[in-house]
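Just so you know, all these numbers are worked out from the coordinates, no wet-lab data involved. Remember, it's a predicted structure, so these values are computed and weren't measured experimentally. All Cβ positions, glycine included, derive from the backbone under ideal geometry; neighbour counts span all protein chains shown.
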Amino acid sequence: MKKNYNRFDKNIAILGAGAFGREVLCHIKDCQSTSKVSNHINYIFLDDSKNDTKIMDCKVHSTKDFDFKDYNVIISVGNSILRSNVVKKLPSSTTYCTFIHPSVILSDNNIYIGDGSIISPGSILTTNIEVGKHCHLNLHVTIGHDTKIGDCFSAAPGVNISGNCNIGNNVYIGTGASIKQGVSIASNTTIGMGAVVVKDILKEGTYIGNPAKRLERIK
């Protein structure tokens, strides 16, 4: 399952110029600093709301009529469902890149990270793990053995996922939350900050607390 991560064969466009987008730029530059690639890489942001401005010395462009062919794209939109919708709207020919910060520990080669994903500093992945496309693992996230994660997943800082978990698409897990070994989580689910998930979540929704329970909407 070995794969070529941290690609610097094209210029890089970060779609989303918000706070996480700025962090992503820092992580990518850290990756480049440890790479043997010496050619110049142009970094830009794509954000319709901040078009024709500059952020961290990088020009911000609109996605409208943008020519993607000379760029590898990484999407830094924090909301998992919005990120999924962004992917669907981009040209089918768009190429994506995956970045894994140099401080990340991948315990063996039997780990797969999907295109367009980013793994932030201090994270640890053990063995036989699959992470889908366009996923965000923020600072100091741990993922245990034999875990499978779908596309457009988001883990905020300090999330701990135990082994043998199965997590669907468009799932967001808040800061400091913990997932018990062997648990499955349905797609389109949000796990609140500090929540402790001790049993399967089969119905999408928002879950909070210890043990985590579904937050019912007030009618």
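Note on the chain: with a GNM built from Cα contacts shorter than 10 Å, the maximum mean-square fluctuation among S92, S123, S62 falls on S92. Cross-link pairs exceeding 29 Å between alpha carbons, from the set K29/K213; K10/K203; K88/K213; K10/K89; K64/K203: K29/K213; K10/K203; K88/K213; K64/K203. Given a Förster distance of 45 angstrom, what is the FRET efficiency for N11 paired with E216, based on the Cβ-Cβ distance and rounded to 0.05? E between N11 and E216, to the nearest 0.05, is 0.45.
Shape analysis of the chain yields a ratio of the Cα radius of gyration to the Kirkwood radius, Rg/Rh, of 0.98. With 0.36 nm allotted per residue and the present C-alpha distance subtracted, the N51-S92 stretch has 12.4 nm of extension available. Taking all Cα pairs closer than 8 Å and separated by 6 or more residues, the relative contact order of region 11-96 comes to 36 percent.
Per residue of the chain, the DSSP helices (runs of n ≥ 4 H) give a summed -39500 (n - 2.57) that works out to -3500 deg cm²/dmol at 222 nm.
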